[in-house]
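The values are calculated or read from the model by the stated rules, or taken from the named source; none is laboratory data. These numbers come from a predicted model, not from an experiment. In this analysis, Cβ positions are derived from the backbone assuming ideal geometry, glycine residues included, and neighbour counts consider all displayed protein chains.
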Amino acid sequence: MRTEGDTWDIVSSVGMTALFVAAARAVESKRPDALVHDQFAELFVAAAGDPELREQSPLGTEFMGLRSKFFDNLFLTAAEDGVRQAVILAAGLDARAYRLNWPQGMVVYEIDQPKVLEFKRQVLADAGATPRAERREVAVDLRENWPAALIEEGFDPTVPTVWSAEGLLPYLPGAAQDALFARIAQLSAPGSRLASDAFDPDVDLTRLAEFQAEQLRDTPFGKIDITSLFYTDDRSDPAEWLTNQGWATTTVAPEELAERYDRPLSAVLEPFAEMFNSIKYLSAVKPS
Ligand SMILES: C[S@@+](CC[C@H](N)C(=O)[O-])C[C@H]1O[C@@H](n2cnc3c(N)ncnc32)[C@H](O)[C@@H]1O
């Protein structure tokens, strides 16, 4: 259950979901046909101290690779096209600042709750990892006035930005999600781009709970019902909203990404395919 202004660390509430997806990336990274190589994911999982979490991630093998690659491509393409400012909203244990091949002059802002960023900083410092871009932490709640905190850290709204909101939207109340996109639009110079993932409004979330109960019951991933952390109140459709603001938007479902990256959804996910395909990956560009 969520409450106004609730907080968490990496092993509680919404914070734990960051650990779950890191565990999934750790598994993905070990596949011979890995779509992403996140050598830091395993370190986070180990540091969190649950040995079971290290061994298995039924979430990971089919699904997280697609998602990670989609967002990796967003950043790499933007950097190739000359964008030098990135904002990772709800960064969690996203290690892109450390693992992507960023160009000279790249500044990467990471926004998340203070204890999540603290855990991440500690683990990476202990591992002697160094970022491959200039990395700036912004410890703020995304239901609050996060643009002020971002600007305080040096964010420049006059140059194009690449934004990601990966695995975030269901954890925000409708009003905070709507404000998120309005603020992004306001802070985005022409040529900015953004990617996000969201469930269709008519998604049957009981299927997600059933997936967890059936497939993840005996694993650490079964410890909390993820859907109990979601807000399900009304909100605008981000793709529609951004289109109305003049952004060029496209959305794809996981099955299209699976085809694009030549990674078919496995048999385990098959009975839940409809639910998984109700997640839409949005990319949008603000015209120059
Ligand atoms: C499922 S994790 C995704 C993390 C990361 N984007 C990734 O894909 O690896 C959700 C993240 O959203 C963050 N989050 C959710 N609601 C937030 C809020 N109101 N303010 C700041 N961070 C938030 C959590 O702390 C957590 O790190």
Residue pairs, Cβ under 8 Å, 6 or more apart or interchain, first in the range 195-212 and farther than 25 Å from PHE181 by Cβ, second modelled with pLDDT of 85 or more and in a loop (DSSP other than H, G, I, E, B). List them.
ALA209/ASP225; GLN212/ASP225
Just a yes or no: is a residue in the range 53-66 exposed (fewer than 15 other Cβ atoms within 10 Å of the Cβ), in a helix (DSSP H, G or I), away from the ligand (no atom under 12 Å from the Cβ) and charged (D, E, K, R)?
yes
Among all residue pairs at least 6 apart or on different chains, which show Cβ distances below 8 Å where the first residue, located in the range 248-273, is assigned to a strand (DSSP E or B) and the second is surrounded by fewer than 17 Cβ atoms within 10 Å (Cβ to Cβ) and modelled with pLDDT of 95 or more?
THR249/THR243; VAL252/ARG260
Only residues in the range 161-180 that are within 17 Å of GLN85 (Cβ to Cβ) and of a type in the set (A, V, I, L, M, F, W, C) count as the first member; pair them with residues that are near the ligand (Cβ under 9 Å from one of its atoms) and assigned to a strand (DSSP E or B), Cβ under 6 angstrom, at least 6 apart or cross-chain, and list the lot.
ALA165/LEU89
Taking the range 1-23 as the region of interest, how many residues are part of a helix (DSSP H, G or I) and within 9 Å of the ligand (Cβ to nearest atom)?
10
Residues of the range 136-164 satisfying the condition of being near the ligand (Cβ under 8 Å from one of its atoms) and among the small types (Gly, Ala, Ser)
SER164
Would it be correct to say that ASP225 is farther than 26 Å from VAL11 by Cβ and modelled with pLDDT under 95?
no
Verdict on VAL107 being without any contact (Cβ under 8 Å) to a residue 60 or more places away in the chain and not small (Gly, Ala, Ser):
yes
Across the range 99-123, the tally of residues that are crowded, with 19+ Cβ neighbours inside 10 Å, farther than 20 Å from LEU187 by Cα and either within 13 Å of the ligand (Cβ to nearest atom) or of a type in the set (Lys, Arg) (or both) stands at 6
